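Below: one structure, written as structure tokens.
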Amino acid sequence: SKSEAGNEFPITNPHGSKQRERTSSLLRWFYYTLDYIIGYYLKILPMKIRTTAVVMDRYYYDVIVDPKRYGFNLPKWLLKLPLRIIPKPDLTIYLDNGPEEFFKRKQELPVEELKRQVEVWREFISELPNAKIVTTDKPFDDVVNEVTRLVLEQRTEMTKKMLKIDPEETYYLWKSDLSGGFV
């Protein structure tokens with residue numbers, strides 16, 4: 001099958017495309033950045049208002065870590081510039097492991113490139129608000145449980161803020177009297 005951009009799925013060689021010229025790269029990056037900003041307000045925000053959980057893979061942050069995947073031949077400072085205006089996720093989860101383990105799972109990139117990306121991701125994620133690292137060097141069910149716990153904790157905090165619940169009163173959402181009605 002093909003993506004909207006005409007790319008074949010699954011992508012097996014993300015760094016295999018030819019390096020773009022600066023002008024072409026800049027125009028493509030500008031379009032991509034606008035798509036993140038406008039797309040947020042047209043698609044994501046309405047879902048969030050309806051309290052829908054939105055899950056994304058490879059958020060804009062991946063552009064900074066792996067610009068070659070997106071065909072961007074631009075300086076890192078320029079790629080980071082939109083971070084000031086692109087809406088931030090409520091929660092960012094980075095699934096971490098050693099580069100060799102990533103390579104065993106998927107041989108898209110050489111181990112050296114994976115080492116570079118893991119180092120950049122670890123440093124970058126530590127600077128982000130609401131970012132968590134989940135190591136995947138444990139049984140799959142444990143990883144799923146940890147990610148689920150993080151998502152539920154984040155949703156709980158968002159609900160408390162929305163309902164203006166005192167953070168000290170975390171053991172219940174509503175007070176109930178004996179007749180079953182809410183007080």
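Where a number appears in this text, it was derived from the coordinates with a stated rule and is not lab data. Because the structure is predicted, anything quoted here is derived from the model rather than measured. Note: ideal-geometry Cβ built from the backbone for every residue, glycine included; neighbour counts use all protein chains shown.
Assorted remarks:
- Estimated at 0.36 nm per residue, the fully extended path between Val144 and Lys68 surpasses their Cα-Cα distance by 24.4 nm.
- Rough spin-label spacing in nm, given labels placed 7 Å along Cα→Cβ, for Thr159 and Ile49: 2.3
- For the range 46-170, the square roots of the Cα gyration tensor eigenvalues, ordered a ≥ b ≥ c, give a/c of at least 1.5 with a/b no greater than b/c, which places it in the oblate category.
- Loop trypsin sites (Lys or Arg not before Pro), the range 32-121 (other Cβ atoms within 10 Å of the site Cβ: 13 or fewer; DSSP): Arg50, Arg58, Lys106
- Proximal aspartates and glutamates to Lys76, defined as alpha-carbon separation beneath 14 angstrom and excluding residues fewer than eight positions away on the same chain: Asp62, Asp66
- Note on the range 56-116: Cα Rg divided by 2.2 N^0.38 Å, N the number of residues, gives 1.26.
- Nearest-0.05 FRET efficiency for Asn130 and Glu101, computed from C-beta distance (R0 25 Å): 0.45
- Scaled against 2.2 N^0.38 Å for its residue count N, the alpha carbon radius of gyration of the range 18-57 is 1.59.
- Tail weight of P(r) past 12 Å, computed on alpha-carbon pairs of the range 83-136, percent: 67
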